[in-house]
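First up is the structure itself, then whatever we jot down about it.
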Amino acid sequence: MLEELRTPNTRASRSLRLKTLVRLRWLAIVGQSAAVLVVWLGLGFPLPVGPCFALIAASAWLNLYLTFRYPTAHLVPPTAALAILSFDASQLAGLLFLTGGLTNPFSLLMTVPVVISATSLPLVWTGLLGLYVVVVASLLAIFHLPLPWYPGTELSMPLIYVAGMLIAVVSSIAFTGIYAYRVAEEARLLANALAATELVLQREQHISALDGLAAAAAHELGTPLATIALVAREMEKALGNDPRLHEDVTLLRSQSERCREILKRLTSLSSETEEHMARLPLTSLIEETAAPHRHFGIEIKLEAGATEGPEPVGRRNPGVLYGLGNLLENAVDFARSAVTIKWWWNAEAVRISITDDGPGFPAEIIDRIGEPYMSRRQAGGSSGGGLGLGLFIAKTLLERSGASVDFANAGGEGKGATVDIWWPRERFLAGGETLTQVEGSQRRLEKLNFFT
């Protein structure tokens, strides 16, 4: 399942909604029309009004065609979106050609199609569109009609100004395009990782609910099995020693009784272990987390630290179990020979520390651990797993329970890594409630000297 979560479907996340493109184009049409009317009627500057409105009408016609041809929720494939954005860039280039080229102050709008592409299309398509816009802008620096100005005069801009405008357009395309792409890519990765977190949590909760499901099934099946047993017993009495059916009826009654005993044991097992399943002491939580990882050639050491007061007994939280298990699995992957789990508690807080004797975290990534889809701990230096989606899910699930999670090197880089998880005691006992309580608990933890 995790392999499916590590490779999310990015095709849909890189598709533009047609409604978004149509609305942006209507906004551009209104703005272009207003600009032409203000220059022509308001300022009285001569300009080729007919060709300008012909280009604006072509954009409006495309909008109408797309609106009536496809539903508003239609997702535009990347190639089609590239074609539409290329049309927008060409239409704007045509308007600029008619109104002064790069000497027109609106020439910076050439960056808009590239920014839209960077937020939603693959990097290759965005690069092609950006290259096309740069080529068109370079041509507009040389070939264009005069900039509209007062009748009988012509405003001639110096070559250095035109070159500066070209540099400004190219720089804006490069900077805004790269910035928009990085922001959108991080948002996509975060959205995919959060979706994967929800799926993992739902799976863990589903597994935890199987015990209650078994009890419910036993309760529902009890009545019909009792009826079958009663009818079989009455048939056995009525038939007496009839050699034809006596053996079959006896077998039917004995098997129905056997089914009732099995369901009775299921029901009693559920009732006996219900409290055990609902509440989990800290040491039992650690032992349950460590048990699946003891047979991989890495020694797992359990060490109890200084304790104060009774042992905390928290509610069973599938997210906490999965998060701790994932952190321990990562430590086992990178450890050379041993992983140590330590735990402490006092009247204020509960802490668990997982330390391995592996290569540790590289200094350049230690502050970014927990971000989704990160690179490996050591590039080519370890056969262990990655530090991407798995650690993000673990950190997110633990923080939802009220915990704070810190990653550090145990004794400097190359001497092992350690992960510290701590909860306010009341949050650990409650098993996780609201985000407001989590933030308040984390602020209280900062004032504690117990873990320093």
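The values are calculated or read from the model by the stated rules, or taken from the named source; none is laboratory data. Being a predicted model, the structure only gives us computed values, none of them experimental. Reconstructed Cβ throughout: ideal geometry from the backbone, glycine too, with neighbour counts over all protein chains shown. The protein model used for the area step is the full one, side chains on, heavy atoms only, and it has no ligands, DNA or RNA in it. Shrake-Rupley method; radii C 1.70, N 1.55, O 1.52, S 1.80 Å.
Label reach from Arg17 (point 7 Å along Cα→C-beta): in segment 84-128, amide nitrogens under 15 Å belong to 120. Sequence-distant contacts, meaning Cα pairs under 8 Å at least 6 residues apart, place the relative contact order of segment 48-186 at 29 percent.
By definition, a body whose alpha carbon gyration tensor gives a ≥ b ≥ c is oblate when a/c is 1.5 or more and a/b is not larger than b/c, and segment 34-162 fits this oblate description. Placing dummy labels 7 Å off each Cα toward the beta-carbon, the span from Leu429 to Ala408 is 2.8 nm. For segment 83-142, the Kirkwood hydrodynamic radius from C-alpha pairs, put into Stokes-Einstein at 4 °C and a viscosity of 1.567 mPa s, yields a diffusion coefficient of 113 µm² per second.
Here's how it looks for Gly358: its modeled amide H is under 5 Å from those of Arg336, Gly416, Ala417, which are all 5 or more places away or on a different chain.
Sparse packing (at most 16 other Cβ atoms within 10 Å of the Cβ) combined with a DSSP loop state is found for the following trypsin sites (Lys or Arg not before Pro) in segment 310-360: Arg316, Arg336. Extending 7 Å from Cα along the Cβ direction at Ala58 and again at Thr307 yields two label points whose distance is 7.9 nm.
For the set Ile286, Ile366, Ile178, the ranking by accessible area, highest first and with no ligand, DNA or RNA atoms included, is Ile178, Ile366, Ile286 under a 1.4 Å probe.
Okay, which of segment 98-136 sit inside 11 Å, backbone N to the point 7 Å along the Cα-Cβ direction of Phe143? In segment 98-136, the label zone of Phe143 (backbone N under 11 Å from the point 7 Å along Cα→Cβ) covers 136. Working from the Cα coordinates of segment 120-194, the gyration tensor eigenvalues give, after taking √(5λ), semi-axes of 37, 12, 10 Å in decreasing order. For the modelled label position 7 Å from the Cα of Ser284 along Cα-to-Cβ, which residues of segment 393-427 have backbone nitrogen atoms closer than 13 Å? Nothing falls inside the zone, counting backbone N under 13 Å. Among Asp356, Asp367, the sequence by solvent-accessible area, most first, with a 1.4 Å probe is Asp367, Asp356.
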